[in-house]
Amino acid sequence: MNRLLLIALGGAFGSVCRYQLSVWMLAFAGASAEAPPRFPVGTFAVNLLGCLVAGLLAGGIARHGWFTPDVRAMLIVGVMGGFTTFSAFGLETLALLRRGDVEMAAVYVIASVVVGVALAGLGWWVVARG
């Protein structure tokens, strides 16, 4: 199958998963798209889970040679590219700053980056340790 088609299919799948997880997290937080929580919990959860899964995939590819190049492209570029929401993260951080909630913006940025990198490292370690 054409690699671009695999990436497109993976991206569609990742986008649907991102949307659904965000909806679930909003419901879990007792919020909705019309009345979002103060902290952007949906995007936060998607970004952290995305970091963990990306770390697991990268670790498995590096250590065990998982997947063919086409499947790797579908998973990393397609699924993970469609799933992760860093652009939404940037826009939500900007919205927090624009409304003057500098402390919440700082918490959001620091927690997303620090915990995300830690989870990517954990994913790598779980799969690639030897």
query: Do the conditions hold for SER112, that is, is it among the polar types (S, T, N, Q), surrounded by fewer than 19 Cβ atoms within 10 Å (Cβ to Cβ), within 25 Å of GLN20 (Cβ to Cβ) and under 18 Å from the mean Cα position of the chain (by Cα)?
result: no
message: Restricting to the range 82-109, count the residues that are crowded, with 16+ Cβ neighbours inside 10 Å and farther than 16 Å from ARG38 by Cα.
response: 4
- prompt: When VAL41 is evaluated against the numbered criteria (1) out of contact with any Pro (no Cβ under 9 Å at 6 or more places or on another chain); (2) closer than 30 Å to ALA73 by Cβ, which criterion, by number, is the only one it fails?
  reply: (2)
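Condition check ((1) at pLDDT 95 or above; (2) of a type outside the set (A, V, I, L, M); (3) out of contact with any helix residue (DSSP H, G or I) (no Cβ under 6 Å at 6 or more places or on another chain); (4) over 24 Å from GLY11 (Cα atoms)) across all residues:
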{"site": "PHE86", "(1), (2), (3), (4)": "no, yes, yes, no"}
{"site": "PHE89", "(1), (2), (3), (4)": "no, yes, no, no"}
{"site": "VAL113", "(1), (2), (3), (4)": "yes, no, yes, no"}
{"site": "VAL117", "(1), (2), (3), (4)": "yes, no, yes, no"}
Entirely in the range 1-81, the helices (runs of 4 or more DSSP H) that have 3 or more residues that are crowded, with 18+ Cβ neighbours inside 10 Å: 3-28, 41-64
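The values are calculated or read from the model by the stated rules, or taken from the named source; none is laboratory data. Just so it is clear, the structure is predicted and the values come from calculations on it, not from any experiment. Note that we place each Cβ from the backbone using ideal geometry, even for glycine, and neighbour counts take in every protein chain shown.
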